[in-house]
1. Identify the single condition in (1) more than 14 Å from the chain's Cα centre (by Cα); (2) surrounded by 13 or more Cβ atoms within 10 Å (Cβ to Cβ); (3) under 19 Å from A:SER121 (Cβ atoms) that B:GLU71 does not satisfy, given that it satisfies every other one.
2. For segment B:82-100, how many residues are farther than 12 Å from B:VAL27 by Cβ and touching a residue at least 12 places away in the same chain (Cβ under 8 Å)?
3. Among all residue pairs at least 6 apart or on different chains, which show Cβ distances below 9 Å where the first residue, located in segment B:105-123, is more than 7 Å from every other protein chain (Cβ to nearest Cβ) and over 10 Å from A:GLY54 (Cα atoms) and the second is among the hydrophobic types (A, V, I, L, M, F, W, C) and surrounded by fewer than 16 Cβ atoms within 10 Å (Cβ to Cβ)?
4. Looking at segment A:78-122 only, could you name the residues that are out of contact with any helix residue (DSSP H, G or I) (no Cβ under 6 Å at 6 or more places or on another chain) and small (Gly, Ala, Ser)?
5. Within segment A:44-63, is even one residue away from chain B (no Cβ under 11 Å), without any contact (Cβ under 8 Å) to a residue 12 or more places away in the chain and aromatic (Phe, Trp, Tyr)?
6. Please determine, by comparing only the residues of segment B:29-43 that are assigned to a strand (DSSP E or B) and out of contact with any Cys (no Cβ under 9 Å at 6 or more places or on another chain), which one is nearest to the other protein chains (Cβ to nearest Cβ).
Number of protein chains: 2
Amino acid sequence: MPITKSGLDPAIAARLKRDANGLVVAVVQQYDSGEVLMVGWMDDEALHRTLTTGRSTFWSRSRQDYWVKGETSGNRQWVKDVRLDCDGDTLLVKVDQEGPACHTGDRTCFDADDLSAVMGSAS
Amino acid sequence: MPITKSGLDPAIAARLKRDANGLVVAVVQQYDSGEVLMVGWMDDEALHRTLTTGRSTFWSRSRQDYWVKGETSGNRQWVKDVRLDCDGDTLLVKVDQEGPACHTGDRTCFDADDLSAVMGSAS
């Protein structure tokens, strides 16, 4: 169950624009290489834990529970930087990822499925 | 109004896991520097247009309409690569961004609000 009264700094909580389920999108990026590793979701408490523990914590929409990335797999994410976007509904979480980020064993969740876009160019 | 019958390749459409509004998250990244520029939303038709026109197209949840990034501002995004994540609910769109990506004039939508996370470390 989500925690109704989270420990999140009220000054941050006031800037969040949550969806109907009380969540914001969290884009997770490898801090040095710039790889986009995965996307998760956070409620206020998951963000609070992410900001204060040095480990990324998400809200699982399927399991309806908190999960600390790597808690069972060992593929932990060490938080380096967390930023909120201009309209308050998306977080960018820069981490140092141990091992693969994806549950499939791939480094990132975007490695497997290239949609073969037509490339655009200004010239 | 969203288009109910989109031109999206049915083989791709079958892999999408859309939210209750028929949308998937689209993370937009500068293709060479790795900067995460912004996050938008796409329905099937927005993805179809993104994959086939060389310009990123989103579904605006606030305006309830399609928008081609840079159409009014001139800050266009030229598509380089589009990938779908492991569970089909998030796209990674690599682009070449002209000018600032953020409506505030910042290069990215994540430049302004650092949440001062406690940094984690394996050691």
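No lab work stands behind these numbers, since they all come straight from the coordinates. Because the structure is predicted, anything quoted here is derived from the model rather than measured. Positions of Cβ are backbone-derived with ideal geometry, glycine not excepted, and every protein chain shown enters the neighbour counts.
1. Result: B:GLU71 passes all but (2).
2. Within segment B:82-100, the first condition is being farther than 12 Å from B:VAL27 by Cβ, and the residues that meet it are B:86-88, B:96-100.
Adding the requirement that they be touching a residue at least 12 places away in the same chain (Cβ under 8 Å) leaves B:87-88, B:96-100.
Within segment B:82-100, residues that are farther than 12 Å from B:VAL27 by Cβ and touching a residue at least 12 places away in the same chain (Cβ under 8 Å) number 7.
3. B:ASP106/B:ALA112
4. Hits for segment A:78-122 are A:GLY88, A:GLY99, A:ALA101, A:GLY105, A:ALA112, A:SER116, A:GLY120, A:SER121, A:ALA122.
5. Checked segment A:44-63: no residue is away from chain B (no Cβ under 11 Å), without any contact (Cβ under 8 Å) to a residue 12 or more places away in the chain and aromatic (Phe, Trp, Tyr).
6. Step one: filter segment B:29-43 for residues assigned to a strand (DSSP E or B), giving B:29-30, B:36-42.
This time we only want the ones that are out of contact with any Cys (no Cβ under 9 Å at 6 or more places or on another chain), so: B:29-30, B:40-42.
On the way: B:GLN29: 6, B:GLN30: 9, B:GLY40: 10, B:TRP41: 10, B:MET42: 11 Å.
Here the residue is B:GLN29.
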